[in-house]
Amino acid sequence: MTDIRKKSIIHWLENTLNLEITHFEVASSDASFRRYFRVTHQSGQHIVMDAPPEKENIEPFIRIAALFKQQGIHVPEIVHQDLAHGFLLLEDFGCHCLLDMLTNNNALKLYKSTFDCLHQLQSRIDINSCQLPYYNEALFAKELSIFYLWFLNKTLNLTIPDPIKSTLDQVLISSALEQPQVCVHRDFHCRNLMVLKQNSLGVIDFQDAVIGPVTYDLVSLLRDCYIAWPTDQVEQWMTLYFQRLTDSGLITTSLQTFTRWFDLMGLQRHLKAVGIFSRLHFRDQKSSYLQDIPRTLDYVSQVCKKYPGLESFNHYLKQNIIPAYASTLPTKP
């Protein structure tokens, strides 16, 4: 099948931007309809974002890139743009995302760099003037509905009882809304942080940023859907960042309360993620994310055991969801 948009990109690069292309290849794709190409030319190397206008709006990317850059957060420079066709020519951060670079030996050093970056995001961006949308009750409920529809209904053929669903929604949304509000990247995890020179970080995939709970990005990072660390290590890192938030005046709460916020925020995010991974498989034919469901469900199970308000969902999880999901997995020889 002819890739019409790829041809259009090359035409834009060669005829509008007057680049002499020596190499052009796929760089990556993501969980949206966007694609990325790496282009080498007479003046260097860049990334081209391909965002079909009928499916993706690149205006938030451009606007939030400017907002983040103004506050010292390293995001890709936008070199050229074609809004009508959904093309951006971007600074190339290279091929080394945090996930690829992490080892047991360098994890502490690299995560300290991520904490520096996250603290910039949370402390420097003024939520009263940044004009980002708020993570409100309706948006949290909408995200949880992705889990109920795409994982429970579509994947497992289950319908969660209304009393269990209502209690779960109330516990998670109430916890999220009572937290201090800061700028939230919304996908602050190891695949969206690029390791640059001297272990500095470049931030990508920030176009969905909002104003929301202070623990959201932290739990996205430390209970990452794509890599898992021992529980005691996660707790140490969480406590380290809690102290930094406290020292800078961004929070004035106890570690116990912060830990509850962190756990419940992670539960909301992980339920959404499981639903998104299932939707990518069924709707978008992107099945590679299915391999991340077991790790993400394990996070869900860990948190559900800890909190009294989650007993009904924890019981439903153990008695219905986990067995139903196990039955969908291929039998090991």
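Nothing in this text is a laboratory measurement; each read-out follows from the coordinates by a stated rule. Computed from a predicted model, the values in this text were never measured in an experiment. Reconstructed Cβ throughout: ideal geometry from the backbone, glycine too, with neighbour counts over all protein chains shown.
Counting other beta carbons within 10 Å of each Cβ, put Ser200, Ser8 in order, fewest first.
By the 10 Å Cβ count, ascending, the order reads Ser200, Ser8.
Using 0.36 nm times the number of residues separating Ser28 and Met101, minus their current alpha carbon distance, what extension gain do you get?
24.6 nm
What nm distance separates the two modelled labels at Gln71 and Thr257, each placed 7 Å from Cα along Cα→Cβ?
2.3 nm
For the charge dipole of the range 4-91, defined by +1 on Lys and Arg C-beta atoms and -1 on Asp and Glu C-beta atoms about the Cα centroid, which residue among Ala27, Leu17, Ile73 has the Cα displaced farthest towards the positive pole?
Value computed over the given set: Ala27.
Going by Cα centres, the range 106-131 and the range 202-226 are how many Å apart?
If we compute the Cα centre of each part, the gap is 10 Å.
For the chain, what is the charge dipole size about the Cα centre, in debye to the nearest 20, if Lys and Arg each add +1 at the Cβ and Asp and Glu each add -1 at the Cβ?
660 debye
In debye, nearest 20: dipole of the range 220-310 around its Cα centre with unit charges on the Cβ of K, R (+) and D, E (-)?
340 debye
Of Ala326, Leu310, Thr252, which is farthest along the charge dipole of the range 98-328 in the positive direction, counting Lys and Arg as +1 and Asp and Glu as -1 at C-beta?
Going by the charge dipole, the pick is Ala326.
Return the long-range amide H neighbours of Tyr134 (sequence gap of 5 or more, or a different chain), with a cut-off of under 5 Å between placed amide H atoms.
For Tyr134, whose amide H was placed from the backbone, the distant partners under 5 Å are Ile211.
In the Gaussian network model of the chain, springs joining C-alpha atoms below 10 Å, which of Asp50, Asp100, Asp232 carries the largest mean-square fluctuation?
Highest fluctuation among the options: Asp232.
Just rank Glu54, Glu311, fewest to most, by other beta-carbon atoms within 10 angstrom.
Listing Glu54, Glu311 from fewest to most nearby Cβ atoms yields Glu54, Glu311.
For the chain, find the longest principal axis of its Cα atoms and tell me its angle to the long axis of helix 255-282, 0 to 90°, nearest 10.
It works out to around 60 degrees.
Which label belongs to the value computed from this structure, given these candidates for Cα extents along the principal axes in Å: [x] 63, 50, 40; [y] 57, 51, 37; [z] 54, 42, 40?
The listed entry that was calculated here is [x].
For the range 122-131, just list the computed ³J(HN,Hα) in residue order, Karplus coefficients 6.51, -1.76 and 1.60, θ = phi - 60°, integers in Hz, with x standing in for Gly and Pro.
Result, rounded to whole Hz: 7, 9, 8, 8, 6, 5, 7, 10, 6, 6.
Given Lys55/Lys197; Lys7/Lys154; Lys109/Lys306; Lys69/Lys112; Lys7/Lys69, which pairs have Cα atoms separated by over 26 Å?
Over 26 Å Cα-Cα: Lys55/Lys197; Lys7/Lys154; Lys109/Lys306; Lys7/Lys69.
Does the range 4-91 come out rounded, prolate or oblate, given a ≥ b ≥ c as the square roots of the eigenvalues of its C-alpha gyration tensor, rounded meaning a/c under 1.5 and, failing that, prolate meaning a/b above b/c?
oblate
Let me check against my output: what whole-number percent is the relative contact order of the range 56-133, with C-alpha pairs under 8 Å and at least 6 apart?
Contact order relative to length: 29 percent.
Taking the chain as a Gaussian network, where each spring joins two C-alpha atoms under 10 Å apart, which residue of Gly309, Gly202, Gly275 fluctuates the most?
Of Gly309, Gly202, Gly275, the most mobile in the Gaussian network model is Gly309.
In nm, what is the difference between 0.36 nm times the number of residues separating Gln243 and His315 and their Cα-Cα distance?
Taking 0.36 nm per residue and subtracting the Cα distance, the gain is 22.5 nm.
Along the range 297-312, what does the Karplus equation 6.51 cos²θ - 1.76 cosθ + 1.60 (θ = phi - 60°) give for ³J(HN,Hα), rounded to whole Hz, x for Gly and Pro?
For the range 297-312, the Karplus-derived couplings read 5, 5, 4, 4, 4, 4, 6, 4, 6, 8, 10, x, x, 10, 4, 5 Hz, x marking Gly and Pro.
Figure the gain on full extension for Tyr134 and Ala228 (residue separation times 0.36 nm, minus the Cα-Cα span) and round it to one decimal in nm.
30.9 nm
Return a whole-number percent for the relative contact order of the chain, with Cα pairs under 8 Å and 6 or more residues apart as the contact set.
Rounded, it is 15 percent for the chain.
Springs between alpha-carbon pairs under 10 angstrom, Gaussian network model over the chain: which of Gln181, Gln198, Gln45 fluctuates most?
Top of the fluctuation ranking is Gln198.
How big is the dipole moment of the range 1-121 about its Cα centre under a simple scheme where the beta carbon of each Lys and Arg is +1, that of each Asp and Glu is -1, and everything else is neutral? Debye, nearest 20, please.
The dipole of the range 1-121 has a size of about 260 debye.
Which Cα, out of Leu201, Phe242, Gly44, lies furthest along the positive dipole direction of the chain (beta carbon charges, K/R +1, D/E -1)?
Farthest along the dipole direction, towards plus: Phe242.
Using label points projected 7 Å from each Cα along Cα→Cβ, tell me how many nm separate Asp82 and Leu196, to one decimal.
Simple spin-label model gives 2.7 nm for this pair.
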